[in-house]
1. Output the direction-averaged projected area (hull surface divided by four) of the convex hull of the alpha-carbon atoms of region 136-285, in nm².
2. For the chain, what does the convex hull of the Cα positions come to per residue, in cubic angstrom?
3. Between 0 and 90 degrees, rounded to the nearest ten: what's the tilt of helix 226-235 against the longest Cα principal axis of the chain?
4. Antiparallel versus total DSSP beta bridges in region 2-127: what percent is that, nearest 5?
5. Which parts of region 115-143 would a label at residue 277 reach, counting a residue when its backbone N lies under 12 Å from a point 7 Å out along Cα-to-Cβ?
6. Residue 142 versus residue 163, label points 7 Å from Cα toward the beta carbon: distance in nm?
7. For region 88-195, how big is the tail of P(r) above 18 Å, as a whole percent of Cα pairs?
8. Fewest to most neighbouring Cβ within 10 Å: what's the order for 154, 44, 170?
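Each value in this text was obtained by applying a stated rule to the coordinates, not by laboratory testing. Note that the coordinates shown come from a computational prediction; the quantities given were computed from them, not determined experimentally. As a convention, Cβ positions derive from the backbone with ideal geometry for all residues, glycine included, and neighbour counts pool all protein chains shown.
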C-alpha cells in the first residue's frame, strides 16, 4: 500500500495525490490517502471529492502521524517504527529516489513537479475528470471557449497579498508579465486571442489589467466550486498561468500537444525554494 498525506489548497492536494497514485501504479499496489490534516486545517478545505476518481482512505491504525503534528515533529517521526515507512520531502526539486520507493510507503510532502507522475499522465488526467456536470453558466462558458481562440489567464492574489508571510515567500506576478506572456502567444499563433480571466480578486483585475484583446472575466464560481474554474481553464486552447499550483493544473490537464503554456520565470519571490523542476520544460517562461 502507498499512502499520500493530503493538505493545502486543491492544487497542492492534486500534486500529493498524483505522486502517490503514480508510485502505487509503478509498484502494482493499492493506493490510499490520508486526509486527517483537514480536521484542524482552517486555510483550505478538502477538495478532491469533486473528481471522478474513487478516493480510498487509509486505515487509521496504519497511519504514522497525528493530524496536528508540525514539521519538526514529522522529521523526528521518520526515525520511529511504523507499519508504513515514512518518506518525507527533503527539498523542493525533484528527488529521483521517490520513483523507486517500495510498497508500504507513506508520502509526506508537496511533490510539485510532473516528474513524479508524468509516466502515468493519462491516468492522472482521467482521475482528475470533474465528477459533476457543469452548471448552466459554466456550460455557456465551455461552449464559448470551444468556439474561440481561447487563452486562460490566471491572476493569483488573495493571501499572496493579504498575508505578509505568503507575500514574502510567493509574491505576485506583475502586470508586465501578463503583457509579455500574451505577446508571446499572439506572435506564436498569429491569431488574436480571446482571454478568459480567472482570479480570486476579479474586481482588482477589472480595474488594473488592460490588455489589447477581448477579455472575459469569469465570475460564476467561488471557492466551493473552484473545480469549475479548473475545468474551464483546461478547456482553453492556450494558457497564461500565475505562480499558483491551481493554474498549473489548469494548464497541465490540457494534454494537447499544440497548446502553449506561459509561466513566470520566477515562481517564488526569493531565491528559495528552488523551483527548477516545477515548470515543465516544454512550457515557455516569461
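1. 8.7
2. Working: hull volume 37.0 nm³, N = 286.
Each residue corresponds to 129 Å³ of Cα convex hull volume.
3. 60
4. Antiparallel bridges: around 0 percent, rounded to the nearest 5.
5. Flagged as within label range: 115-118.
6. Inter-label distance under the simple model: 3.2 nm.
7. Beyond 18 Å sits 73 percent of the P(r) for region 88-195.
8. With the sparsest Cβ surroundings first, the list reads 44, 170, 154.
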